[in-house]
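Single-structure report; data block below.
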Amino acid sequence: MKYIDEYRDAEIVRKLSSELHHTVSRNWTIMEICGGQTHSIMRYRIEEFLPAGINLVHGPGCPVCVTPLEIIDKAIYLAKELNVILVSFGDMLRVPGTESDLLGVKAAGADVRMVYSPLDALKIAEDNPGREVVFLAIGFETTAPANALSVKEARRRQVKNYSILNSHVLVPPAMQAILSAPDSRIEAFLAAGHVCTIMGYEEYIPLAQEYSVPIVITGFEPVDILQGILEAVRQLEAGKAEVVNAYGRVVRKEGNKHARDLLGEVFKVSDQNWRGIGVIPKSGLVLADNYREFDASERFDLSGVNTRESNICIAGQILQGHAKPGDCPAFGTGCTPEHPLGAPMVSSEGSCSAYYRFSRKTGY
Amino acid sequence: MAFGLSCPIPLNEYPVITLAHGSGGTLSHKLLRELFMPVFDNEFLRQEHDGASFPVKGGSMAITTDSFVVRPIFFPGGNIGDLAVNGTVNDLVCCGAKPMYLSAGFILEEGLKTEELWQVAVSMKQAADAAGVQIVTGDTKVVDRGSGDKIFINTTGVGMIREGLSIKPGNCMPGDKIIITGRIAEHGIAVLSARAGLAFETSLKSDTASLNGLMEKVFNHTTNIHVLRDPTRGGIATTLNEISQASGTGMIVNEENIPVSAEVQGACEILGLDPLYIANEGKMLLIVPEADSSVVLEALKDHPQGREAAIIGVVTADYPGILRMRTTIGSTRIVDMIAGEQLPRIC
């Protein structure tokens, strides 16, 4: 299949691997931001092709993993106690809340539905005018435009029973937070290709300059990832720190103007709590004042929600690149995909799930 | 006799059944191994096969049962009726049996259009004729509107096991070749494309078909077949994991050799699904000794249903219970059994 096969080509992978081996002269620590990249790395066992000196550290780019526990508890509360139709992407259904998960409350009788698109959630609201429908709107810059569109459409179509439970996060402020941590060991970033498809990559230029880190916009196929790593290593070896687009077939410098305009209309930037990491200034999106009527947190009384974090799961350490899944005492024993203690074991973009699925038993 | 009344699955872990218990993945197995098997335990269940075989005068017979809850009931390439016949016929084939007689149990929801039921019944008759079986007994129940979803069908089938055949997961031996009879994941993607709420169109059809004709062709060349399984729910990844675990062998498949159509691949890329985990309803996985593998492959390719058959991997002594895959780029990874529910109610 075109645009797939050539990026999963064994011969090209071998060539890139050999070039990497020739380029590397010392140890380098590189963080891939996006959970999709982490999964690709594990799925294709990219580490088999890397020189020993290259240490890949997995970043916080798993939207499910960084969604605060409180949001999941609120979703559960809405479905279970307030009898709304709670609509969500599939990945969120099995993330453990304080007491239960959405799949559990669904099995116990709550009306929880899974969709692939927020516009389908809006359709559910139109089809059920007597019920309140809440869409669990989480994600990075990639999912935010579609979520914004559902709100804008709800207003245009005058759908009064639709609202969103909102938890949107932004990548560049999180990268800045990671770089400015005193114990940061990240020397280069593979930036999340699909986030840049929406947002472009101009915001990375000051980051690369201020912290002297190469930032390479990188795709998701094995060849993409090896190209991204090679570009990062070439810069590191040459003492450069530039923003380079290695995902040119998809990403343009200015991003997607329509999507950015939509985000600017429906949302505004605010401080945001990242699960396991904490509050990062100006790292989230909330509904703009003009659209606040669609905010489920304001529409419903959620004061009955009671959130307590588990003290076993080390997701926060993993999301910040301080630990790998195998460092967790519960990995593969107390915590498995069918009985997850934390979000990274559930999500299709979570590091723990990637390690468990593709190289179980080791976690490294 | 004292009867253990305590539930073997800790109730605090799963106080209620979730959709994932029906996925055919790890939770389904947990239910089977920890709840049903201990309760019903006997020598036939312990075969852990698609059906049970038992001795009768003059040979052995196989019995199998399957329930069908697919939504929607009509999908590109078939409907719940032919699916219900083909599924049970294929499970009998997996036991090495010549399918003979089927029962059909219908659970209908109040309000179902009689016209739709008629169409389903006609499809069942056509599928039965194509497979050379008869539907000889049945039952109908109707539940209140909202207590079911249009039609649920259970079919049970019996057949005589062909002489000389001994097919069970435990036969799987290191060195055996793993063969798939054609392109994977077509049923699951076809059903998905027909679902309301997914504005996603392909010209793909379900592969639902009875495979006794195809397998007869193979048996005429050799009866030296170790394992036969139709990779339905959970796809080939789940089925191979099951065989690997039941036989205590390892397996390694070659991603490049697994036949997947460009359309299925494309749909999976867009939806973030893995074709290895998607249901098939007209494909068979065969595990055969290396010496017989080329004869089997030729016999398959000589039949219209087996044109795309391919050897996709080999059984190993190392890594017992684990399925590995050599990826297209030459690395090796684990292919796990699915944990959650990729697509509920696919069959």
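The values are calculated or read from the model by the stated rules, or taken from the named source; none is laboratory data. Worth saying up front: this structure is predicted, and the values here are computed from it rather than measured. Glycine also receives a Cβ, built like all others from the backbone with ideal geometry; neighbour counts cover every protein chain displayed.
Might you check whether a residue that is in a loop (DSSP other than H, G, I, E, B) and free of Cβ contacts under 8 Å to residues at least 24 places away in the same chain occurs anywhere in segment A:158-167?
Yes, segment A:158-167 contains at least one residue that is in a loop (DSSP other than H, G, I, E, B) and free of Cβ contacts under 8 Å to residues at least 24 places away in the same chain.
Taking segment B:35-77 as the search range and keeping residues that are surrounded by 15 or more Cβ atoms within 10 Å (Cβ to Cβ) and on the phi > 0 side of the Ramachandran plot, which one is modelled with the highest pLDDT?
If we take residues in segment B:35-77 being surrounded by 15 or more Cβ atoms within 10 Å (Cβ to Cβ) and on the phi > 0 side of the Ramachandran plot, then B:GLY77 is modelled with the highest pLDDT.
Let's see how each residue does on (1) within 12 Å of chain B (Cβ to nearest Cβ); (2) surrounded by fewer than 23 Cβ atoms within 10 Å (Cβ to Cβ); (3) touching an Asp or Glu at 6+ places or on another chain (Cβ under 6 Å); (4) more than 30 Å from A:GLY193 (Cβ to Cβ):
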| position | (1), (2), (3), (4) |
| --- | --- |
| A:ALA108 | yes, yes, no, yes |
| A:SER117 | yes, yes, no, no |
| A:ALA121 | yes, no, no, no |
| A:ILE124 | yes, yes, no, yes |
| A:GLU132 | no, yes, no, yes |
| A:LEU136 | no, no, no, no |
| A:GLU141 | no, no, no, no |
| A:ALA146 | no, yes, no, no |
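For residues in segment A:17-36 being crowded, with 24+ Cβ neighbours inside 10 Å and within 14 Å of another protein chain (Cβ to nearest Cβ), which is modelled with the lowest pLDDT?
My answer is A:GLY35.
Please list, ordered by residue number, the helices (runs of 4 or more DSSP H) wholly in segment A:262-364 having 3 or more residues that are within 14 Å of another protein chain (Cβ to nearest Cβ).
Of the helices (runs of 4 or more DSSP H) lying wholly inside segment A:262-364, those with at least 3 residues that are within 14 Å of another protein chain (Cβ to nearest Cβ) span A:351-359.
Restricting attention to segment A:201-217, which residues are crowded, with 17+ Cβ neighbours inside 10 Å and either part of a strand (DSSP E or B) or touching a Lys or Arg at 6+ places or on another chain (Cβ under 8 Å) (or both)?
Within segment A:201-217, A:TYR201, A:PRO214, A:ILE215, A:VAL216, A:ILE217 meet the criteria.
All but one of (1) in contact with a helix residue (DSSP H, G or I) (Cβ under 8 Å, 6 or more places away or on another chain); (2) buried (at least 16 other Cβ atoms within 10 Å of the Cβ) hold for B:GLY105; which doesn't?
Result: B:GLY105 passes all but (1).
Give, as residue ranges, the strands (runs of 3 or more DSSP E) completely inside segment B:279-341 that count at least 2 residues that are modelled with pLDDT of 95 or more, aromatic (Phe, Trp, Tyr) and within 30 Å of B:PRO76 (Cα to Cα).
Qualifying strands (runs of 3 or more DSSP E): none found.
Tell me the residue from B:GLY157, B:GLY146, B:GLY164, B:GLY170 that is at pLDDT 95 or above and among the small types (Gly, Ala, Ser), please.
Unique residue meeting the criteria: B:GLY157.
Need a quick list: strands (runs of 3 or more DSSP E) entirely within segment A:9-95 having at least 3 residues that are outside the structural domain of A:VAL223 (by TED's automatic domain parsing) and over 26 Å from A:ALA208 (Cα atoms).
none
Quick one: in segment A:37-54, which of the residues that are at the interface with chain B (Cβ under 9 Å from one of its Cβ atoms) and among the aliphatic types (A, V, I, L, M) is nearest to A:ALA323 (Cα to Cα)?
That would be A:MET42.
Of the residues A:ARG275, A:ARG292, which is under 27 Å from A:LYS80 (Cα atoms), assigned by TED's automatic domain parsing to the domain that holds A:ALA125, free of Cβ contacts under 8 Å to residues at least 40 places away in the same chain and of a type in the set (D, E, K, R)?
A:ARG292
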